[in-house]
Amino acid sequence: MNIDFIRAHCMSLPHATEQVQWGDDLVFKIAGKMFAVVVLSPAKVVLSFKGTPEEFAELIERPGVIPAPYSARNFWVALETHDAIPPAELKQRLTRSYQLVFAKLPKRTQAELTAPAESKRTSPPPRTKTKRRRRRIARAPRA
């Protein structure tokens with residue numbers, strides 16, 4: 001497993017983006033929310049990703065997998081070496097991290113990301129409360 005392998009898989013996920021942040025970390029995001037971080041320079045960890053509380057507890061029992069610095073409270077784990085998790089399993093874990101982050105997005109954002117391109121262009125803009133209220137006031141009987 002290497003950075004190209006991780007990048008290829010993460011970028012194959014729908015609407016995933018990548019960004020270099022914090023100087024030397026390659027961050028993969030969905031709708032602006034992180035789901036995986038690859039450290040590009042030599043460091044204590046090489047990759048971090050999100051898991052469920054159960055997955056977190058299971059993974060940190062393995063050699064080479066630790067609670068992620070700064071984000072373990074959100075059930076992120078970090079790999080100390082590239083071979084701490086086999087490649088096939090790592091793909092599944094990264095996909096699961098993506099799914100967990102996607103599930104926490106606002107429902108409207110989820111709908112926008114999953115809607116077909118056609119419906120995005122043809123749907124009218126949502127009405128605001130102020131317009132509805134103005135109409136009600138305008139239709140009220142006059143004294």
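Only one of (1) at pLDDT below 85; (2) touching a strand residue (DSSP E or B) at 6+ places or on another chain (Cβ under 8 Å) fails for residue 72. Which number is that?
(2)
How do the pairs read when you match residues in segment 80-109 that are closer than 14 Å to residue 11 by Cα with residues anywhere that are surrounded by 13 or more Cβ atoms within 10 Å (Cβ to Cβ) and aromatic (Phe, Trp, Tyr), using Cβ under 6 Å and keeping only pairs 6 or more apart or on different chains?
94/49; 97/35; 97/49; 98/35
Being aliphatic (A, V, I, L, M) and out of contact with any strand residue (DSSP E or B) (no Cβ under 6 Å at 6 or more places or on another chain) narrows it down to one residue among 31, 36; which is it?
After ruling out the rest, the residue left standing is 31.
Filter segment 16-67 for residues that are surrounded by 12 or more Cβ atoms within 10 Å (Cβ to Cβ), of a type in the set (Gly, Ala, Ser) and within 23 Å of residue 107 (Cα to Cα) and give the result.
Matches in segment 16-67: 16, 31, 36, 51.
I'm told residue 4 meets every condition in (1) in contact with a strand residue (DSSP E or B) (Cβ under 6 Å, 6 or more places away or on another chain); (2) at pLDDT below 85 except one. Can you identify the failing condition by its number?
(1)
Every residue, every condition in (1) on the phi < 0 side of the Ramachandran plot; (2) touching a residue at least 60 places away in the same chain (Cβ under 8 Å), yes or no:
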{"site": "3", "(1), (2)": "yes, no"}
{"site": "6", "(1), (2)": "yes, yes"}
{"site": "23", "(1), (2)": "no, no"}
{"site": "27", "(1), (2)": "yes, no"}
{"site": "30", "(1), (2)": "yes, yes"}
{"site": "34", "(1), (2)": "yes, yes"}
{"site": "40", "(1), (2)": "yes, no"}
{"site": "54", "(1), (2)": "yes, no"}
{"site": "58", "(1), (2)": "yes, no"}
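The values are calculated or read from the model by the stated rules, or taken from the named source; none is laboratory data. Since the structure is predicted, the reported quantities are computational estimates derived from the model, not experimental observations. FYI the Cβ positions are ideal-geometry reconstructions off the backbone, even for glycines, and counts take in every protein chain you see.
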